[in-house]
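Novice: Right, I'll just put the structure down here and ask away after.
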Amino acid sequence: MQKVLVLSFNYEPSQFPKQPDDSARFFTYGFGPAFANLFHKYLKNYKIETWRVDSYCKEKYYEKEIDGLKYRVFKSFRINKLGHFSRAFIKELKKECKKSSPIIFIVHTHNWQTYQIAYFLRGEKIITTHHGDWSPYFMYETESGLKKLRALLGIWAEKITFKNIDYFLLCDYDEIPYVKKSAPLMKYIIFSAGLDIGKFKIIPKDDARKQLGWDPDKKYLLYVGKLYKYKQIGELLDIWKDIRSSRPEVELVLAGNEPEGSWGEEYYSMAKEYGAKIIGRVLNNELYKYYCASDVYVLMALRKDNFGGIGIAPLESIACNTPVVSYSLRNYLGPNADEIGETPASLDDYKTAILKVLDHRDEYKNLRQSVEEYYSYEAMAAHADGVFKEIMKKNMNN
């Protein structure tokens with residue numbers, strides 16, 4: 001069986017335990033284990049392992065097998081704003097490449113872990129995935145001072161290493177020209193981590209509103225996530241205020257945010273002042289009620305530094321049969337984006353699009369079916385399988 005190594009780093013230290021815990025979260029949390037479990041479940045013709053570097057570990061090395069999937073964690077040292085470095089990790093990767101010639105699936109593209117792997121393991125079968133991280137070329141265009149210097153180092157690293165990467169799985173079309181600056185002959189597809197659709201039940205709108213205590217006669221706009229600048233919450237609030245001046249029955253619900261004063265909640269006070277309905281944290285198994293109870297899900301995505309693809313929350317909304325208004329729909333994998341929502345390209349367009357959905361909600365169709373076809377875990381695994389087979393065929397021909 002062809003082995004696939006899914007490689008990642010600890011990108012969110014507050015969420016990872018520092019040593020193995022009873023729930024195995026230490027091993028299973030994060031993008032790397034998520035992809036590894038996806039491939040392990042749906043691609044039975046591959047042997048999957050997931051390795052991680054982590055500067056917060058208490059010991060130098062951990063290993064565990066859970067449900068037939070092998071997890072390896074290497075302690076690293078981290079240079080602030082650059083990345084993780086582990087000599088043992090690279091040494092073991094070289095050893096594994098000589099032993100089994102694996103496909104190397106690296107989570108994140110613009111990262112020093114990726115640069116190291118692509119440099120030290122050039123000639124191996126290497127894939128990277130992109131999850132909204134910024135290209136150093138973009139950073140060089142937009143930053144100054146030390147950030148510009150750091151971006152210059154990243155550009156240098158990508159020029160040296162990106163030629164060694166066989167395939168780029170990108171989440172956003174706007175990312176393509178930046179990768180091509182270092183890899184002009186790049187092979188790529190637009191890709192997503194996918195969605196566990198079964199977690200998002202569909203219940204009638206009236207039932208959902210009754211359970212949540214919402215007014216059955218009002219219209220509800222929904223946003224899920226932090227109330228911070230990257231999601232343009234200020235602009236969303238202003239658009240809603242403008243709509244509400246002529247349509248007082250339209251409410252704005254903000255769910256999934258942290259408490260006031262927490263990092264990334266810059267627009268909490270503004271939302272409170274405007275009278276938006278601020279929900280706070282919502283359990284994942286309760287989110288479907290909010291999507292089902294709403295008339296439209298709205299995600300602002302007009303910032304030049306937004307390379308996040310379609311986003312997970314819009315897919316969750318579509319899975320619950322609630323249309324989406326977002327410029328991020330330009331990255332939708334299916335050919336039917338116009339059936340499932342609106343793709344406004346300006347602030348004025350956003351207002352028009354929201355009103356259109358509120359007035360003609362029943363005209364949007366095939367929402368759940370579309371997400372199942374293009375974003376189910378089975379669909380994402382099939383896309384990855386196609387890339388794996390293409391790389392193996394290329395390797396055999398060489």
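Novice: Summing Lys, Arg as +1 and Asp, Glu as -1, what charge do residues with Cβ under 13 Å from the Cβ of ILE103 carry, ILE103 excluded?
Specialist: 0
Novice: Stretched out fully, how many nm does the piece from LYS91 to ASP338 gain, at 0.36 nm a residue minus the Cα gap?
Specialist: Full extension from LYS91 to ASP338 adds 84.0 nm.
Novice: If packing is taken as the mean number of other Cβ atoms within 10 Å per residue, what is the order of 10-17, 298-305, highest first?
Specialist: 298-305, 10-17
Novice: Same structure, new question: If each of ASP305 and LYS81 carries a label point 7 Å out from its Cα toward its Cβ, how far apart are those two points in nm?
Specialist: Inter-label distance under the simple model: 1.3 nm.
Novice: Still on this model: Show that you can apply the helix-only estimate: for the chain, add -39,500 (n - 2.57) for every DSSP H stretch of four or more residues, divide by all residues, and state [θ] at 222 nm to the nearest 500.
Specialist: Counting only the DSSP helices, I get -11500 deg cm²/dmol.
Novice: Another question about this same structure. May I ask which of LYS18/LYS64; LYS64/LYS199; LYS75/LYS147; LYS41/LYS70; LYS210/LYS241; LYS218/LYS241 have a Cα-Cα span longer than 19 Å here?
Specialist: LYS64/LYS199; LYS75/LYS147; LYS210/LYS241
Novice: Once you list every other residue whose beta carbon is under 12 Å from the beta carbon of SER262, what net charge do they have if Lys and Arg are +1 and Asp and Glu are -1?
Specialist: Cβ neighbours under 12 Å give a net charge of -2.
Novice: Among 25-35, 383-393, how do they line up from the highest to the lowest mean number of other beta-carbon atoms within 10 Å?
Specialist: 25-35, 383-393
Novice: Quick one: if you stick a label point 7 Å off each Cα along the C-beta vector at ARG281 and ALA24, how many nm between them?
Specialist: 2.4 nm
Novice: Below 13 angstrom from the Cβ of LYS180, what's the summed charge of the other residues (Lys, Arg +1; Asp, Glu -1)?
Specialist: Summing Lys/Arg as +1 and Asp/Glu as -1 gives +1.
Novice: Could you calculate the contour length gain from GLU249 to LYS201, that is, 0.36 nm times the residue separation minus the distance between their Cα atoms, to one decimal place in nm?
Specialist: Length gained between GLU249 and LYS201: 14.6 nm.
Novice: Also, I was wondering about something else. Stretch SER144-SER101 to full length: gain in nm at 0.36 nm per residue minus the Cα-Cα span?
Specialist: 11.3 nm
Novice: Still on this structure: Take the Cβ-Cβ distance between GLN211 and LYS272 as r, set R0 to 25 Å, and report the resulting FRET efficiency rounded to the nearest 0.05.
Specialist: In this case the efficiency is close to 0.55.
Novice: Could you order peptides 153-166, 277-290 by the average number of other Cβ atoms within 10 Å of their residues, highest first?
Specialist: Answer by packing, highest mean first, reads 153-166, 277-290.
Laboratory data are not the source of any read-out in this text; all were calculated from the coordinates shown. As the structure is a computational prediction, the values presented were derived from the model and not from experiment. For neighbour counting, all protein chains shown are included, and Cβ atoms are generated from backbone atoms with ideal geometry for every residue, glycine included.
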